[in-house]
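Taken together, the values in this text are just the output of simple stated rules run on the coordinates, not laboratory data. Every value quoted in this text rests on a predicted model; they were computed, and no experiment measured them. In this analysis, Cβ positions are derived from the backbone assuming ideal geometry, glycine residues included, and neighbour counts consider all displayed protein chains.
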Amino acid sequence: MLRQINILFLGLTLLAITAVKAQSTDTVKTRGWFRHDIAGAAQIQVTYRQSNLSQLNQVLNRNNFPSLSSNNIWINASMSHLMHHWILEDGLGFTPIETSRVNDLKARYNQYQAFFRLGYDVAGSSGFRLYPFAGINLSAAVLNIQDNTRTKSVTDFSQELLNSTSSKTFYQPNLGIELGGGFDYLIRLKPKKMDCFEIQRNIPIGIRAGYYINTYAGGWKIDGYNLQNSPTQKQSAVFVSANIGLGYMIKK
């Protein structure tokens, strides 16, 4: 495990040095390769945020589908970038797939998101961070209908091209605002020196908590085509995230 951590930090260091060198070759003599320390972390987050599928389930029930279970767990991969007291966090996430089945028809539902947060560390400590943040969340819900009976009724490729089937994929775009706070406790690892640089490494363990405001819930679409009378229920809710990562700070 320690070897993998060393390889990861070495890769991050080489990428950072390459990017800074590309900006200017003359600044080495006057100001060094960068003015400020480069710091951040690669992170995994597991988030609880309650969803409400009542409107969607009403439509499914009218078409004899059992209700979908509410999926409240998000799995996210994110990066944090530090500049003095400012903290920028960006990430991508998804929910596991929930299914509902009637005969040989199956409904599959899950969500995807991308988020961007800006926070300010008010702790001023080298051992932990405490910061309020505000952010933007872009997400999409995806509903896929699988018609196994008709899809598997033919085996010829040409016949399948024009096969009449109920299989289709719907999606719904959403826009939200996140307001909350974060806390990270930093477990220090042994620093690593390379030429004139020192890489200070850590494992940030923490939480994020706040409120997600679903400011816009778009109508459901299929192949870019807007569908009328579709469920557009907003899903504003409290969220709580557990966070763990691999952090670094590159110092001259």
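How high is the FRET efficiency from K152 to S125, r the C-beta distance, R0 51 Å, rounded to 0.05? Display every interim value, and only then the final one.
Numbers: r = 60 Å, r/R0 = 1.19.
That pair, K152 with S125, gives E of 0.25.
Tell me the angle of helix 2-23 to the major Cα principal axis of the chain, expressed in degrees between 0 and 90 and rounded to the nearest ten.
80 degrees
Taking the simple approach of a point 7 Å from Cα along Cα-to-Cβ for both I177 and L118, what is their distance in nm?
Placing both labels 7 Å along Cα→Cβ, they lie 1.4 nm apart.
Testing the spin-label approximation: label points 7 Å from Cα along Cα→Cβ at D90 and A42. State their distance in nm.
Result for the modelled spin labels: 1.6 nm.
Across all directions of projection, what mean area in square nanometres is found for the Cα convex hull of segment 51-137? Walk me through the numbers on the way to the answer.
Values: hull surface 28.6 nm².
Projected area, direction-averaged: 7.2 nm².
So, how do all the Cα-to-Cα distances of the chain break down into 10 Å bins, in percent, from 0 on up?
Per 10 Å bin, starting at 0, the Cα pair percentages come out as 6, 25, 24, 19, 15, 9, 3, 0.
Calculate the dipole size of the chain relative to its Cα centre from +1 charges on Lys and Arg beta carbons and -1 charges on Asp and Glu beta carbons; express the result in debye to the nearest 20. Kindly include the intermediate steps, with their values, before the conclusion.
Working: 25 positive and 15 negative charges, 130 e Å.
My answer is approximately 620 debye.
So how much slack lies between Y216 and K251, counting 0.36 nm per residue of separation and subtracting their Cα-Cα distance, in nm?
Values: separation 35, 0.36 × 35 = 12.60 nm, distance 4.26 nm.
Extending this stretch completely gives an extra 8.3 nm.
Say R0 is 22 Å: what FRET efficiency, to the nearest 0.05, do I73 and Q228 get from their beta-carbon distance? Display every interim value, and only then the final one.
On the way: r = 32 Å, r/R0 = 1.45.
Computed FRET efficiency for I73 and Q228 comes out at 0.10.
Using only the C-alpha atoms of segment 166-252, find the volume of their convex hull and express it per residue in Å³. Don't jump to the answer; show the numbers that get you there.
Details: hull volume 16.6 nm³, N = 87.
Taking the convex hull of the Cα positions in segment 166-252, it is 191 Å³ per residue.
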